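Working notes, beginning with the structure itself.
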Amino acid sequence: MKKIRVRFAPSPTGALHIGGVRTALYNYLFAKNLGGKMILRIEDTDSARFVEGAEKYIVESLNWLNINFDEGVHIGGEYAPYRQSERKEIYKKYIDYLLEKKAAYIAFDTPEELEAKRTQIANFQYDASTRMTMKNTLSLSKEEVEKMINAERNFVVRFKIEPNQIIKISDLIRGDVSVNSSVLDDKVIYKSTDQLPTYHLANVVDDHLMEISHVIRGEEWLPSTPLHVLLYRAFGWEDTMPQFAHLPLLLKPDGNGKLSKRDGDRLGFPVFPLNWNDPKTSEISFGYREKGYIPEALVNFLALLGWNPGTEQEIFSMDELIQMFSLERVSKSGAKFDYEKAKWFNHKYLQMKSNDDIADEFNKILIEKNIVTDTDTLVRIVALMKERVNFISELWEQCEFFFIAPKTYDEKAIAKRWKDDSSQQMRELFEILKNLDNFLPANTEKVVMDWISERNYNVGAVMNVLRIALVGASKGPHLFDIMEITGKEETLQRITTAVTKIL
Ligand code: GLU
C-alpha cells in the first residue's frame, strides 16, 4: 500500500481562516491515525495575492494549536523546497513537457482582448469551441507566432481540454462524481508576466512529486478537481494520483451561507486563530488566542465541526481524536458554526486546568491593575470562582470585590433587600465579628447562624444584606468564604462603610 502522506497547502493571501485551520486539523488527524506524514506546503504562485507576513502567521497558528508537521516550509524535509515560489525551475520542465506533447498551447490574448470577447459573447469560455477564434499557437500561423514572440508579447500557457471526455472522481467524502470535460475551460497553467505556473499546475505537480497519497481540502476546491485529474492523465500519473476528500463547508451560525469574516464581525466572534494586523488595510482582527481560548479547546471544537465520533462523547484530547478520526465519519453537509459551543468547550477546558495554573495567568491581570496578593489566596479564589467563567479574563469582573471594597452598591439590590432594620442588624453583627478571632468559614458561619436564630432574624434577609455590604451586589460565592479571604479587618470595615453609606 502507498505510504500515507498528506499536505496542508495554504496560499499566503492573508490570515488563516478558521475553516483552513479545520482543514489542517483533519489532515493531521487523518495522517496520524494511519501513522502517516503531514506536510506544510506554501502555495505562493499568485504574486498579485501575496500578503507579507501571512506565511509566518500560518506557521505560528498551527504551532499554537499543536497541529504538527513532519516536513514543511518551516522545518525542511526530503522533498524541499516546500515554498512554490522556490520551485520555479521544477515546474518549467513540466510545462515544456505538456507543450511538447501538445496537451497545452501558448496564448497571446491581452486582458483587453479577453474582456472584449466576454462582452461580445455571453458566458464566453476559452475552450475547444472558441480557441480557434483567439490568438494562440493553435490558431495563428508560424509567422504570426514568431512575430508575437519577437515583440516580447506577454503570454500564458493554457491546458488544452479535449471535449466530451468523462472524468470520474471518487471522493472519499462525497462519493463518486462524474463530470463531462466540455464544461471545463482551457485553464491558464503558466503566466509569463511573473514566470510562475498557476495554482492548478503547481498543485498537481507538487502533489505528485511529494508523493501525496490523500488530498483533503475544502469543498471550494471540488470544481478544480476534474481539471486536476486531467492534468494527472496528461502526465501519465493516474496510477499514483492521490485520493480526494472534500470537506464540508463551515456555515454561518444564522442562515445558510458560508461562514465569513463579516459574520464574525457582525456576531462578535473571531474567525482567525490569532490576532491579525492586515498590512494592506491596517485593519486589526481578533484571534481566538487573544480572546483567551485554550488551544486544546479550540481543537476539540473544530474537530466536531464536520466530524462526529458516533457516540455522545464531546471532550477529546488530541490523542483521542487521532485514535478515533476517520474520513467515513466526516459529513457531506455543511457544519453550522456555533460560537456558543466554542465558549462551552473553553469553559470545560478551563475547569480541567489546575488552580495553580489559572492563578498564575490571573495574576498577570492583577499585576496590570496594581493588585498584589499572595499565591495561596489567589489559588483559593480561583477554586471558588472558575466554575463561573468561560475565560480567565472574565475572572476579574467576577472577583473584583475580593481585592477592592465596593465603591457603590447595586441600587436594585438595596431597594429589594435593605430594610429598615438592616443597618441595626449589621451593627450588631459588627460587634459579634469584632470579638471573633477564628475567621475560618466553619466558625464564622456557626457564630453568625447562632446569632441569627437567637434573635429570631430571617436568615435570608440578613445574609442578603451582608452580601450587599461585602460585595456591593447580590452576587458571589459563599459569604463565609468571602469573609475568610478578605479577612476580619476588611470585613468589619466594609460593614461599617455600608452602614454609613446606605441608610
Ligand atoms: N492553495 C490552496 C488553498 O489555498 C490549496 C488547495 C488544496 O489544498 O489543493 O487552499
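The values are calculated or read from the model by the stated rules, or taken from the named source; none is laboratory data. Everything numeric in this text was worked out from a predicted model, so none of it was measured. Cβ sites come from the backbone with ideal geometry, for glycine too, and all protein chains shown count toward neighbours. Note: accessible area is taken over every heavy atom of the protein model, side chains too, but ligands, DNA and RNA are not part of it. Shrake-Rupley method; radii C 1.70, N 1.55, O 1.52, S 1.80 Å.
Before moving on, here are some points about what is shown:
- Label-point gap, in nm, between Lys102 and Lys336 - each point 7 angstrom along Cα→Cβ: 5.6 nm
- Overall form of the chain per C-alpha gyration tensor (a/c, 1.5; a/b vs b/c): prolate
- Cα gyration tensor, region 307-358 - rounded (a/c under 1.5), prolate or oblate: oblate
- In terms of accessible area, using a 1.4 Å probe and ignoring ligands and nucleic acids, Thr491, Thr198 rank largest first as Thr198, Thr491.
- In order through region 31-42: 3J(HN,Hα) via Karplus (6.51 cos²θ - 1.76 cosθ + 1.60), integer Hz, x for Gly, Pro: 5, 5, 4, 9, x, x, 10, 10, 10, 10, 10, 9
- R0 of 25 Å, Cβ-Cβ distance Asp421-Thr500: FRET efficiency to nearest 0.05: 0.90
- Whether region 347-503 is rounded, prolate or oblate, judged on the alpha carbon gyration tensor where a/c under 1.5 counts as rounded: prolate
- Under 14 Å from the Cα of Lys92 - aspartates and glutamates, other chains or at least 8 residues apart: Glu100, Asp194, Asp206
- Sorted largest first by accessible area at a 1.4 angstrom probe radius, with every protein chain in place, the residues Glu152, Glu445 fall in the order Glu152, Glu445.
- Reducing region 128-201 and region 255-286 to their Cα centroids gives an inter-centroid distance of 35 Å.
- If the segment from Lys2 to Ile432 were pulled out straight at 0.36 nm per residue, it would be longer than the present Cα-Cα gap by 146.8 nm.
- Rounded to 5, the percent of DSSP beta bridges in the chain classed as antiparallel: 55 percent
- Segment Thr193-Ala405, length gained on full extension (0.36 nm per residue, minus Cα span): 69.5 nm
- Stretchable slack from Arg49 to Ser178, in nm (0.36 nm times residue separation minus alpha-carbon distance): 43.3 nm
- For the chain: relative contact order, % (alpha-carbon pairs under 8 angstrom, 6 or more apart): 12 percent
- Accessible-area value, Lys261, 1.4 Å probe, nucleic acids and ligands omitted, Å²: 50 Å²
- Helix 199-209 and the longest principal axis of the C-alpha atoms of the chain enclose an angle of approximately 90°.
- Distant-in-sequence amide H partners of Asp127 (H built 1.01 Å from N, under 5 Å): Asp186
- For the cross-link pairs Lys291/Lys353; Lys291/Lys369; Lys117/Lys187; Lys56/Lys258; Lys386/Lys475; Lys2/Lys191, the ones whose C-alpha atoms lie over 22 Å apart are Lys56/Lys258; Lys2/Lys191.
- Ranked by the mean number of other Cβ atoms within 10 Å of their residues, highest first, the peptides 433-444, 21-32 come out as 21-32, 433-444.
- Percent of Cα-Cα distances greater than 27 Å, calculated over region 238-372: 35 percent
- Crossing angle, helix 54-64 versus the chain [Cα axis fit, 0-90 degrees, rounded to tens]: 50 degrees
- Solvent-accessible surface (1.4 angstrom probe) belonging to Glu143, in square angstrom, nearest 10: 130 Å²
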